[in-house]
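First up is the structure itself, then whatever we jot down about it.
The values are calculated or read from the model by the stated rules, or taken from the named source; none is laboratory data. Owing to the predicted nature of the structure, the values given are computational and were not obtained by experimental measurement. Counting neighbours? That spans all protein chains shown, and the Cβs are built from the backbone with ideal geometry, glycine included. Accessible surface areas use protein heavy atoms only, side chains included; no ligands, DNA or RNA. Shrake-Rupley method; radii C 1.70, N 1.55, O 1.52, S 1.80 Å.
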Amino acid sequence: NAGVTQTPKFRVLKTGQSMTLLCAQDMNHEYMYWYRQDPGMGLRLIHYSVGEGTTAKGEVPDGYNVSRLKKQNFLLGLESAAPSQTSVYFCASSYSHRDDEQYFGPGTRLTVT
Amino acid sequence: GQQLNQSPQSMFIQEGEDVSMNCTSSSIFNTWLWYKQDPGEGPVLLIALYKAGELTSNGRLTAQFGITRKDSFLNISASIPSDVGIYFCAGQRDDKIIFGKGTRLHILP
């Protein structure tokens, strides 16, 4: 049981490039989330999904898109990366609709130059 | 939007000391959660609180759900070097979860 995994662990992009971050969970969780973590800002929710085929905006969705084609995977896309998107990105999943007890992945450190 | 005020932002303590940190909000939450994040890792859930007034322990950690439902505290007793990290509170309400900005705990040798 691997829990929540994220790929890649690190990435450097040039401004304007695109990329996709992959999150996978093997716990049969319904809910999945993408957060970004910046120094002094805590965790901020980008997008989330309440089940396969559904997505919703979080607190800071601009510049990102997501897809949940399979229950176990949640993809975060950056179509045209900007330096302001330099951050550590965490994926999380939870079992219940109550949104508590989220299990986090190890993070992806993204630098946009 | 909803905000959580977590304090202190950072703490420097001696090994063996007790630690206390708290989160407050102007909004009511249904659930309070405390997470710990080690360097280079994702946050890991320490304690979950579901009822106002609830006091829950997990080893040397104790957390309480404030009676007003607008605050929570976390205590760590007899700190050890592996307690170093960032501690986050999180409040849940209406299927939304809000994280505090974290308390960074340093332990002096």
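When you check A:Glu59 against the structure, is it within 13 Å of chain B (Cβ to nearest Cβ), surrounded by 15 or more Cβ atoms within 10 Å (Cβ to Cβ) and within 27 Å of B:Thr103 (Cα to Cα), yes or no?
Working: within 13 Å of chain B (Cβ to nearest Cβ): yes; surrounded by 15 or more Cβ atoms within 10 Å (Cβ to Cβ): yes; within 27 Å of B:Thr103 (Cα to Cα): yes.
Yes; evaluated as a whole, the condition is true for this residue.
Just for segment A:41-56: of the residues that are aliphatic (A, V, I, L, M) and open to solvent by 60 Å² or more (accessible area, probe 1.4 Å), which one is nearest to the other protein chains (Cβ to nearest Cβ)?
My answer is A:Met41.
Kindly evaluate B:Gly42 against the criterion of being free of Cβ contacts under 8 Å to residues at least 12 places away in the same chain, buried (at least 19 other Cβ atoms within 10 Å of the Cβ) and closer than 21 Å to B:Leu105 by Cα. So that I can check it myself, show each step before the final result.
Working: free of Cβ contacts under 8 Å to residues at least 12 places away in the same chain: yes; buried (at least 19 other Cβ atoms within 10 Å of the Cβ): yes; closer than 21 Å to B:Leu105 by Cα: yes.
Considered against the rule, which asks whether it is free of Cβ contacts under 8 Å to residues at least 12 places away in the same chain, buried (at least 19 other Cβ atoms within 10 Å of the Cβ) and closer than 21 Å to B:Leu105 by Cα, B:Gly42 comes out as yes.
Step by step: first the residues of segment B:55-109, then only those that are within 11 Å of chain A (Cβ to nearest Cβ) and farther than 29 Å from A:Val50 by Cβ, then the one that is most open to solvent (accessible area, probe 1.4 Å). Which residue is that?
Taking the candidates together, the pick is B:Arg104.
Taking segment B:6-20 as the region of interest, how many residues are open to solvent by less than 90 Å² (accessible area, probe 1.4 Å) and within 14 Å of chain A (Cβ to nearest Cβ)?
Initially, segment B:6-20 is screened for residues open to solvent by less than 90 Å² (accessible area, probe 1.4 Å), giving B:6-8, B:10-11, B:13-14, B:16-17, B:19-20.
Now drop any that are not within 14 Å of chain A (Cβ to nearest Cβ), which leaves B:6-8, B:10.
Result for segment B:6-20: 4.
Can you name the number of the only condition in (1) of a type outside the set (Asp, Glu); (2) touching a residue at least 40 places away in the same chain (Cβ under 8 Å); (3) open to solvent by 10 Å² or more (accessible area, probe 1.4 Å) that A:Tyr89 fails?
Exception for A:Tyr89: condition (3).
Listed here are the residues, each with its yes/no results for (1) more than 14 Å from A:Arg109 (Cβ to Cβ); (2) away from chain B (no Cβ under 12 Å); (3) surrounded by fewer than 16 Cβ atoms within 10 Å (Cβ to Cβ).
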| position | (1), (2), (3) |
| --- | --- |
| A:Val12 | no, yes, yes |
| A:Gln17 | yes, yes, yes |
| A:Cys23 | yes, no, no |
| A:Met27 | yes, yes, yes |
| A:Met32 | yes, yes, no |
| A:Tyr35 | no, no, no |
| A:Pro39 | no, no, yes |
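Among the residues of segment A:1-10 satisfying the criterion of being under 23 Å from A:Thr111 (Cα atoms) and not polar (S, T, N, Q), which is nearest to the other protein chains (Cβ to nearest Cβ)?
Within segment A:1-10, the first condition is being under 23 Å from A:Thr111 (Cα atoms), and the residues that meet it are A:4-10.
Applying the additional criterion that residues be not polar (S, T, N, Q) yields A:4, A:8-10.
Details: A:Val4: 7, A:Pro8: 14, A:Lys9: 9, A:Phe10: 11 Å.
It comes out as A:Val4.
Return only the number of the condition from (1) within 13 Å of another protein chain (Cβ to nearest Cβ); (2) assigned to a strand (DSSP E or B); (3) open to solvent by 10 Å² or more (accessible area, probe 1.4 Å); (4) closer than 20 Å to B:Lys70 by Cα that B:Lys36 does not satisfy.
(4)
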